[in-house]
Amino acid sequence: MTQKKTLPLWFKILFSSGDLTTNSFQAVILFYQLYFLTDVAGLRPGYAAWAIAAGRLWDAVNDPLFGILSDRIKSRFGRRRVLLLFGAVPLGVAFMLMWMIPDTSQAGLAIFYTLTFILFDTCYTAVHVGYNALTPVVTKDYDERSSLNGYRMFFGLTGSLGAVILATLLSDLVANQQQLFLYIGMGVGLFNIIPPLLVFAITPQYRTHLDADPLSPLASFLETVKNHAFQMVMGLYLFSWTTASIMAAVLVFFANYYLLIPEQANYYVLAAQGSAILFIPVVVFMAHRLDKRRTFIINNAVWIVLLLLLFGIRPEQSGLVYVLAGLAGLGIATVYVIPWAMIPDIIEDDQLRTG
């Protein structure tokens, strides 16, 4: 597989299905977690903020830990693939637990949602790290990586869109919001066990360990952060996804308490996510013609203007939200495609420099 310049279409499609899992999970969490904790589970905002912050802080720690761990795994299944094999089922179960509401005190709820989010994030990181680390292995070609990441982000946005569609359909069928979110958690959690196992099955086994002795965790971390290319991509990823995450978290509240049309919230999300899927080929084409850096700068400049216009919407102009959300799909598609298309190049550069 690694000897071929062009990956077969069937492999790109099946491999990219792994992003159905990672992105649909993140879509539900980004758009609904805060609302679920405060308005459905009845958790006080301070406790809800702590539960989410604890999970995010743990995420910042466990990402490099699993990266280091995956470099040291020796398994007959391959050091990346084994994370998919043994992480898929716990990941789905942990996600379902996040949407249950135990009968306990505020402190008990805070502890429960903190622990379940940490458990989910641990399983998510294991699967995500294993999956993303396979991308620079299956192809060494720069343009093929861009193409593969285009397929991946198409499936990723499809997963995000599918999760929102499921939530929208269930909200029309289930009046009780506690039951609604339990069903969403069960449906998304059970389905998303399948794609990581599929990626495991169709991806050939590669070397199970590095030829050179691995660096110590501290030395590995210091080598990584000294990489200038890594610093730049980390910065653009951090700031662009922080923006996207904040927007997603407040969207339901924006529709409920400012525009006063809670029934439209899911449709705003659908407009943005649906148009983002359509913009993915545009972003991939621009990356080939202009390069990834210029594509990111141009498209995010457009996105910034659209966001400024969106923040100026008044309640009586709620219909314009659909137009702006649809156009903002260009920025969303760019944030999905470009940073991830750059990461494999950085990994290879780091391996060449450090062995």
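The values are calculated or read from the model by the stated rules, or taken from the named source; none is laboratory data. Worth saying up front: this structure is predicted, and the values here are computed from it rather than measured. All Cβ positions, even for glycine, are placed from backbone atoms using ideal geometry, and neighbour counts span all protein chains on display.
Annotations
- The listed residues are Ile297, Ile338, and the only one of them that is part of a helix (DSSP H, G or I), within 22 Å of Gln26 (Cβ to Cβ), out of contact with any strand residue (DSSP E or B) (no Cβ under 8 Å at 6 or more places or on another chain) and not charged (D, E, K, R) turns out to be Ile338.
- Any hit, the range 126-135, residues being without any contact (Cβ under 8 Å) to a residue 60 or more places away in the chain and under 28 Å from Leu180 (Cβ atoms): no
- If you check Ala244, Ala271, Ala255, Ala249 for being assigned to a helix (DSSP H, G or I) and over 19 Å from Leu157 (Cβ atoms), only one passes: Ala255.
- Check on Tyr124, outside the structural domain of His288 (by TED's automatic domain parsing) and under 24 Å from Ala244 (Cα atoms): yes
- Of all residues in the range 140-163 being surrounded by 15 or more Cβ atoms within 10 Å (Cβ to Cβ) and either charged (D, E, K, R) or not in a helix (DSSP H, G or I) (or both), the one that is nearest to the chain's Cα centre (by Cα): Arg152
- Inclusion of Leu166 among residues that are modelled with pLDDT of 90 or more, closer than 26 Å to Leu270 by Cα and either crowded, with 18+ Cβ neighbours inside 10 Å or not assigned by TED's automatic domain parsing to the domain that holds Val283 (or both) is warranted.
- Selection status of Met234, modelled with pLDDT of 80 or more and of a type in the set (A, V, I, L, M, F, W, C): yes
- Matching entry among Leu320, Leu307 (being aliphatic (A, V, I, L, M) and more than 25 Å from Arg56 (Cβ to Cβ)): Leu320
- Of all the criteria given as (1) of a type in the set (Lys, Arg); (2) within 16 Å of Leu236 (Cβ to Cβ); (3) over 22 Å from the mean Cα position of the chain (by Cα), the one not satisfied by Arg289 is (2).
- Output for the range 73-121, where each listed residue is aliphatic (A, V, I, L, M), under 19 Å from Ser17 (Cβ atoms), at pLDDT 95 or above and buried (at least 16 other Cβ atoms within 10 Å of the Cβ): Leu91
- Trp58 being assigned to a loop (DSSP other than H, G, I, E, B), buried (at least 17 other Cβ atoms within 10 Å of the Cβ) and of a type outside the set (Val, Ile, Thr): no
- Being assigned to a loop (DSSP other than H, G, I, E, B) and either aliphatic (A, V, I, L, M) or in contact (Cβ under 8 Å) with a residue 24 or more places away in the chain (or both) holds for only one residue in Leu91, Leu69, Leu7, and it is Leu7.
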